Amino acid sequence: GVVTSHGTSCDINLQKPTAKTEQLLHLLKTPTMSSASKSLAKLVKDIMTDKESGKAITLSFWRLQNPVILSHLEEFAAAPEWTDKDDRHRVLDEVHRLFININAAMWEQEVKLWPRLKDAKTPDDASNDDVAVVFGGKYASSPLSVSETLVRHLSGSCSKVYTVSRSVVDNVPSSVIHIPTTKLDEDPRGTDDFLSVLEDALKERAGSSSSGGKMSVYFTLGQHKGINPFLRNVHAATNFANALKRVAPQLQSVGSLFKVVLTGTDATLPSTHPDAQVIIGEDKVTVPTYKISPYNFVYAMSKLCQFYIVADAIVDIFGDGRRATLSNELKHAIQKMRAHIVAAGEDGAYHEDDEDGVSMEELDEISKKWTDIRRELDAHLKVAEHISICYTPLHAKPWTDAAFVKCEDESDGSPRAYVLQQIVRRLKNAISNEQAARAHF
């Protein structure tokens, strides 16, 4: 659909580049510019040229009208170039700081265009009787990821928040209990770790003033890089679902006050899903949809498989005889997706000639059916939607690692320029971590 900003406080004018943009474009003529600065100026020029030539404008054009975003990118580009002698942790910290600054500027830009985002209800508006569990998150004073931003909101409102991740965390608020573990996505050992946390949270709710409050469990686990990421996604969801079923009587007693919230991704949208159109000022801006495609096919399938696995557990716990057909449909789809993911291994691409696996058309149909399944189970299950690309540590490390490989392979390569290219090219549909975190509520 078309979202319009008419009547909001948005004061962005897309009719011409801002003074900051003009200044950066002028620097293209400066011979002493660093390779990274030249690369940034060229990226910006290409986006501005699209506007002038009448091509479809994407969100990149709007984002780059923000002088704060441009300044952060420009400062990063102008800093001394990295070399192989630089400490990789220091380099990664620098990219993280850039992400923090860009995310903050993007959120300010988003709420100016769409004030309803800031007005939307968050846990900060809830009572202090709620118990929350975040699998795949931790508390951080300066959140870098969507899950850390989520925990920051929850820690300020819930009586108790259980966070579970690989990290060892100190200095958390009194309302937060952190449990470090590396087994959540291991088959089948992770079930016990999920179960232990769920049991502790249920005891906390039953034995305190929280006994009348809600219990929300956030499942934020999802890998797209590393060792067997797609199968690990399936293992994590399977372990979580098995743990839920083992505390079924307790969850049934919590009843309508219990809900599971899954971190979604637009990557699970059907491959035929149209691009979004946003009206900013007098311009129609295209937001290319992140969706099922040949290059992210198995990742998208692994996320849909997660949804279906957890939905099947919710049906088992809260369903009745009328949902037997739904349960059978879920199990059939899970079986097909799991078999494809196991066979694919670390190859995430779609192969049209694979006659034994799930076809593009079949995965599209699984995606479309999910809409109806989610609606039927919405009393106990929610998926955070409209999450496309976010600048988080999940991107910072692989981009930084790849930047140094590029520098080694190409004598004229600039690691900083490589990172900037990854950031700017994704501005066309990126959202802030804050907006993504609030999608969970």
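The values are calculated or read from the model by the stated rules, or taken from the named source; none is laboratory data. Keep in mind that what you see is a predicted model, and the values were worked out from it rather than measured. Reconstructed Cβ throughout: ideal geometry from the backbone, glycine too, with neighbour counts over all protein chains shown. With ligands, DNA and RNA removed, areas are computed over all heavy atoms of the protein, side chains included. Shrake-Rupley method; radii C 1.70, N 1.55, O 1.52, S 1.80 Å.
A few comments on the model shown:
- Put simply, the C-alpha atoms of the chain give a gyration tensor, and the ellipsoid matching it has half-axes of 38, 25, 23 Å, longest first.
- Take Arg375: with every protein chain present and a 1.4 Å probe, its accessible area is about 140 Å².
- Taking only protein heavy atoms and a 1.4 Å probe, the accessible area of the chain is 49% carbon and sulfur.
- Within the listed set Ala79, Ala132, Ala236, the residue fluctuating most in the Gaussian network model of the chain (springs between alpha-carbon atoms under 10 angstrom) is Ala79.
- Between Asp378 and Gln252, residue separation times 0.36 nm minus the direct Cα-Cα distance comes to 43.8 nm.
- Remark: region 282-391 is approximated by an ellipsoid whose semi-axes, taken from the C-alpha gyration tensor as √(5λ), come to 25, 21, 12 Å, largest first.
- The chain, relative contact order in percent, only Cα pairs under 8 angstrom and at least six apart counted: 21 percent
- Percent RCO, i.e. relative contact order, over region 156-276, from Cα pairs under 8 Å lying at least 6 residues apart: 26 percent
- Expressed in units of 2.2 N^0.38 Å, where N is the residue count, the Cα radius of gyration of region 212-272 is 1.39.
- Across the alpha-carbon set of region 226-322, the Rg to Rh ratio works out to 1.12, Rh being the Kirkwood radius.
- Surface exposure of the chain, expressed per residue as accessible area with a 1.4 Å probe, stands at 45 Å².
- Note: relative contact order over region 265-372, using C-alpha pairs below 8 Å and six or more positions apart, is 33 percent.
- At 1.002 mPa s and 20 °C, Stokes D of region 60-101 from Kirkwood alpha-carbon radius, µm² per second: 187 µm²/s
- If only the Cβ of Lys and Arg carry +1 and only the Cβ of Asp and Glu carry -1, the dipole of the chain around its Cα centre is close to 920 debye.
- Largest-first ordering by accessible area, 1.4 Å probe, given options Asp193, Asp316, Asp170: Asp170, Asp316, Asp193
- Debye intensity ratio I(q)/I(0), log10, region 160-248, q values 0.12, 0.19 Å⁻¹ (C-alpha model): -0.40, -0.92
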